[in-house]
Amino acid sequence: MTAGTTTITRGTTAEHELAALQRDHGRPLFALLLRLSDGDRQRAEDLVQETFVRAWQHPEALRADDFDSVRPWLLTVARRLAIDARRARQARPAEVGDAVLESARVCADHAERSAAMLDVREAVKTLTPEHREVLVQVYFQGASVAEAAAALGIPPGTVKSRAYYALRALRRVLPGYAADLR
């Protein structure tokens, strides 16, 4: 051989048989798998390829004298692969697109919530006892202004002003939480 020439090698008999199988049975397999894949062309194409890989791995099944055509064997393998793929998809959580993730509400995790509670507790300790007891009544125990006034023995207007000044003091101590303290 001289430099620059290439040798053309012929494919094996198995490769030719596989190409013939794909040519003869590819369309019916794809049609079946497209239906079984709920119209997902990519999944159907992948399953067709996997079916032909199984055929290539088991040439003895394709040469059996028990049947006139290999199509029933191929269709059975394809159907089983589609069922296995569907079961595998159902066993794992559903995939979501980027648009869904971008619009998803972000929730604070348990650690963030615990850290925030510690921050608020420490900030509440810096308040005067009068302001602290109003906040405990109104915000932590859920009492109305009238109920807090009755429990603390002070007028409702005093409850309102102490709550206002207590929240204002907390906003200064907790600047990152200002939106939550309204």
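The values are calculated or read from the model by the stated rules, or taken from the named source; none is laboratory data. The structure displayed is predicted, hence computed values, not measured ones. Methodologically, a virtual Cβ is constructed for each residue, glycine included, from the backbone with ideal geometry; neighbour enumeration extends over all protein chains shown. SASA here: full protein model, heavy atoms, side chains in, ligands and nucleic acids out. Shrake-Rupley method; radii C 1.70, N 1.55, O 1.52, S 1.80 Å.
Among the residues of segment 85-119, those identified as open to solvent by 100 Å² or more (accessible area, probe 1.4 Å), modelled with pLDDT of 65 or more and not in a loop (DSSP other than H, G, I, E, B) are Arg87, Gln90, Glu102, His110, Glu112, Arg113, Met117, Leu118. Which residue out of Asp46, Asp24, Asp68, Asp38 is at pLDDT 90 or above and either exposed (fewer than 12 other Cβ atoms within 10 Å of the Cβ) or of a type in the set (Asp, Glu) (or both)? Answer to the selection: Asp46. The set of residues in segment 120-159 being outside any helix (DSSP H, G or I) and either among the polar types (S, T, N, Q) or under 21 Å from Gly176 (Cα atoms) (or both) consists of Thr126, Leu127, Thr128, Gln141, Ser144. Tallying residues that are closer than 13 Å to Tyr165 by Cβ and basic (Lys, Arg) within segment 114-147 yields 1.
Within segment 34-50, residues that are over 19 Å from Glu15 (Cα atoms) and touching a residue at least 40 places away in the same chain (Cβ under 8 Å) have Cβ atoms under 7 Å from residues that are open to solvent by 60 Å² or more (accessible area, probe 1.4 Å) and part of a helix (DSSP H, G or I) in these pairs: Leu36/Arg79; Ser37/Arg43, counting only partners at least 6 apart in sequence or on another chain.
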